[in-house]
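**Student:** Before I ask anything, here is the structure I am working with.
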Amino acid sequence: MSKKQVLHIEIATLDESLAQFAGAWKRAGQGKKVEAYFGVGFESMANLLGMLTPKRWELVERLKKEGAVTVYRLAKLLVRDYKNVHSDVKVLEQLGIIKRDGSKVSVPWDEIEARLRLAA
């Protein structure tokens, strides 16, 4: 049985993200097993909410439910303007939240897990 593919979304500074990468690099260099980690980091809650708008999250949920579909079909399913859905797909694809395979887009993750911290 294959392991679940989980995308981690979190609030993290660039320094924190680089430290996490450096730690994994060091463990790999020591011959230790390093688990695959797929993550998208945002510098602030405002940045996260600006990128993952309610309409984009609705798109992700619908796409996960439907499976791989064209952007045109996705726009029809969401009852939204094609141009707006296309723009949202482009942003979500750049973030690594959805993927494109030919003319179809899909959500490759079994789970999307969010970790949000309050600033001290």
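The values are calculated or read from the model by the stated rules, or taken from the named source; none is laboratory data. Just so we're clear, the structure is a prediction, and the values are computed from it rather than from any experiment. As a convention, Cβ positions derive from the backbone with ideal geometry for all residues, glycine included, and neighbour counts pool all protein chains shown.
**Student:** Would you check if Ala12 is small (Gly, Ala, Ser) and either closer than 30 Å to Ala75 by Cα or exposed (fewer than 14 other Cβ atoms within 10 Å of the Cβ) (or both)?
**Tutor:** no
**Student:** For residues that are within 20 Å of Trp109 (Cβ to Cβ) and in a helix (DSSP H, G or I), scanning just the stretch 1-20, find the one that is modelled with the lowest pLDDT. Spell out the reasoning first.
**Tutor:** Kept after step one, since they are within 20 Å of Trp109 (Cβ to Cβ), are these residues of the stretch 1-20: 1-12, 17, 20.
Subset that is in a helix (DSSP H, G or I): 17, 20.
Details: Ser17: 74, Gln20: 77.
So the residue we want is Ser17.
**Student:** Criterion first (in contact with a strand residue (DSSP E or B) (Cβ under 6 Å, 6 or more places away or on another chain) and either modelled with pLDDT under 95 or closer than 17 Å to Glu10 by Cβ (or both)) does Gly41 satisfy it?
**Tutor:** Yes, satisfied.
**Student:** Taking the stretch 21-38 on its own, how many of its residues are assigned to a loop (DSSP other than H, G, I, E, B) and closer than 24 Å to Arg117 by Cβ?
**Tutor:** 4
**Student:** Any idea how many residues of the stretch 15-38 are at positive phi and either touching a strand residue (DSSP E or B) at 6+ places or on another chain (Cβ under 8 Å) or surrounded by 11 or more Cβ atoms within 10 Å (Cβ to Cβ) (or both)?
**Tutor:** So the answer is 0.
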